[in-house]
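The values are calculated or read from the model by the stated rules, or taken from the named source; none is laboratory data. Not measured: the values here are computed from a predicted model. Heads up, the Cβs are rebuilt from the backbone with ideal geometry, glycines too, and the neighbour counts pull from every protein chain shown.
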Amino acid sequence: MAKKIVFAGGPATGKTTLIHRLESMGYSCLHEISRQITIDARQAGIEQLFISNPILFSEKLLKGRINQYTEATLNKTPIVFIDRGLPEVVAYLDRIGTPYPNHFIEACETFRYDYVFIFPPWEEIYTADNERYEDFKEALRIYPYLKGAYEKFGYKNSILPKDTVENRISFILDTIA
């Protein structure tokens, strides 16, 4: 069974860059799925589904992340890197003060990751894009909720240093070795 390694953190902290680099190095990686949910909603005429209906968005995200967890579990490689995990779904809802059904908590307690790396906000690499509604100030506000959500579910978080891609990858691989 593959070790499931989560890259957690707010927008534009370098998660996707590391996922792409690790993938080019031959590692199994699962990409962030919230972008596709946002794109699908836009095609249905909803500009920002998380803003207009945070529970519907989060239900779709929860289901997608459970599917990713299952895919990682069935993966035959020793390690699978995952761009964001289940506790981040509740972190975003907690941040905006939206109550959610108990099955969100149950999913976070049931589907457990082997390692979590928290990517802190990093203004120098922050960029906006079409799917991202959060500005850098919001990235700073969501950070303690993301970190806290993983702690709430019993994870020992490793805070990823702000460094080069190569040094970040070395830090991750040394930590999980």
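Would you pick out the residues in the stretch 89-134 that are at pLDDT below 95, exposed (fewer than 13 other Cβ atoms within 10 Å of the Cβ) and acidic (Asp, Glu)?
If the condition is that a residue be at pLDDT below 95, exposed (fewer than 13 other Cβ atoms within 10 Å of the Cβ) and acidic (Asp, Glu), then 123, 124, 129 are the ones that fit.
Any residue in the stretch 109-132 that is of a type in the set (D, E, K, R), under 20 Å from residue 48 (Cα atoms) and without any contact (Cβ under 8 Å) to a residue 40 or more places away in the chain?
For the stretch 109-132, residues of a type in the set (D, E, K, R), under 20 Å from residue 48 (Cα atoms) and without any contact (Cβ under 8 Å) to a residue 40 or more places away in the chain: present.
When you go through (1) touching a helix residue (DSSP H, G or I) at 6+ places or on another chain (Cβ under 8 Å); (2) under 24 Å from residue 62 (Cβ atoms); (3) at pLDDT 95 or above; (4) not hydroxyl-bearing (Ser, Thr, Tyr) one by one for residue 168, which number turns out not to apply?
(2)
Please determine, by comparing only the residues of the stretch 51-90 that are of a type in the set (Lys, Arg) and touching a Phe, Trp or Tyr at 6+ places or on another chain (Cβ under 9 Å), which one is nearest to residue 18 (Cα to Cα). Give the derivation first.
Start the filter on the stretch 51-90 by keeping residues that are of a type in the set (Lys, Arg), which leaves 60, 63, 65, 76, 84.
Checking the rest, the ones that are also touching a Phe, Trp or Tyr at 6+ places or on another chain (Cβ under 9 Å) come to 65, 84.
Values: 65: 19, 84: 12 Å.
So the residue we want is 84.
Residue check: is residue 116 of a type in the set (A, V, I, L, M) and in a strand (DSSP E or B)?
So residue 116 fits the description; yes.
Got at least one residue in the stretch 80-90 being assigned to a helix (DSSP H, G or I), closer than 11 Å to residue 4 by Cα and not aromatic (Phe, Trp, Tyr)? Working first, answer last.
Filtering the stretch 80-90 for residues assigned to a helix (DSSP H, G or I) gives 87-90.
Narrowing the set further to residues that are closer than 11 Å to residue 4 by Cα leaves none.
For the stretch 80-90, residues assigned to a helix (DSSP H, G or I), closer than 11 Å to residue 4 by Cα and not aromatic (Phe, Trp, Tyr): absent.
Cβ-Cβ distance below 9 Å, separation of 6 or more or different chains: which pairs start in the stretch 32-48 with a residue that is under 17 Å from residue 64 (Cβ atoms) and free of Cβ contacts under 8 Å to residues at least 40 places away in the same chain and end on one that is among the aromatic types (Phe, Trp, Tyr) and part of a helix (DSSP H, G or I)?
Hits for this filter: 37/50; 37/57; 41/50; 41/57.
Considering only residues of the stretch 49-62 that are touching a residue at least 24 places away in the same chain (Cβ under 8 Å) and hydrophobic (A, V, I, L, M, F, W, C), which is surrounded by the fewest Cβ atoms within 10 Å (Cβ to Cβ)?
From the stretch 49-62, those touching a residue at least 24 places away in the same chain (Cβ under 8 Å) are 50-51, 54-55, 58, 61-62; that's our starting set.
So of that shortlist, the ones also hydrophobic (A, V, I, L, M, F, W, C) come out as 50-51, 55, 61-62.
Values: 50: 23, 51: 11, 55: 14, 61: 23, 62: 20.
Among those that are touching a residue at least 24 places away in the same chain (Cβ under 8 Å) and hydrophobic (A, V, I, L, M, F, W, C), it is 51.
Of the residues 152, 137, 162, only one is surrounded by fewer than 18 Cβ atoms within 10 Å (Cβ to Cβ), more than 15 Å from the chain's Cα centre (by Cα), under 26 Å from residue 49 (Cα atoms) and not hydrophobic (A, V, I, L, M, F, W, C); which?
On the way: 152 fails: under 26 Å from residue 49 (Cα atoms); 162 fails: under 26 Å from residue 49 (Cα atoms).
Within the list 152, 137, 162, the selection yields 137.
All but one of (1) in a helix (DSSP H, G or I); (2) closer than 18 Å to residue 160 by Cα hold for residue 35; state the number of the condition that does not hold.
All conditions pass for residue 35, except number (2).
If a residue has to be over 17 Å from residue 14 (Cβ atoms), outside any helix (DSSP H, G or I) and touching a residue at least 24 places away in the same chain (Cβ under 8 Å) to count, how many in the stretch 134-155 make the cut?
2
Please count how many residues of the stretch 1-37 are surrounded by fewer than 20 Cβ atoms within 10 Å (Cβ to Cβ), touching a strand residue (DSSP E or B) at 6+ places or on another chain (Cβ under 7 Å) and among the small types (Gly, Ala, Ser).
2
Given (1) of a type outside the set (A, V, I, L, M, F, W, C); (2) in contact with a Pro (Cβ under 8 Å, 6 or more places away or on another chain); (3) closer than 22 Å to residue 52 by Cα, where does residue 168 come up short, assuming only one miss?
(3)
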